[in-house]
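Below: the structure, in structure tokens.
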Amino acid sequence: MTMKGFGPDGCKIMLEDGQTIQKVRLVSVNAGNNGGKNGSWSYYGSVTIETENGNNYVIDASLIKRVI
């Protein structure tokens with residue numbers, strides 16, 4: 001995932017459920033692996049976003065479909 005700044009309109013995050021979060025900045029991406037069933041591994045991670053008013057929120061990376 002590419003880190004993006006605010007720019008004139010910030011970036012837009014599209015979630016898997018169809019919701020869109022607009023005018024945010026990606027602050028950090030925290031990724032790793034988590035052991036799954038029968039020896040297979042599953043990806044997990046989180047993304048911290050900052051809204052234009054300065055609030056930070058953490059989103060599960062698997063819920064993000066696209067960053068524009």
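The values are calculated or read from the model by the stated rules, or taken from the named source; none is laboratory data. Since the model is a prediction, treat every value here as computed from it, not as a measurement. We place every Cβ from the backbone using ideal geometry, glycine too, and count neighbours over all the protein chains shown.
Looking across region 30-61 at every residue that is among the aliphatic types (A, V, I, L, M) and surrounded by 14 or more Cβ atoms within 10 Å (Cβ to Cβ), the one that is modelled with the lowest pLDDT is identified as ALA61. With respect to being farther than 16 Å from ALA61 by Cα and either outside any strand (DSSP E or B) or modelled with pLDDT of 80 or more (or both), GLY5 fits the description.
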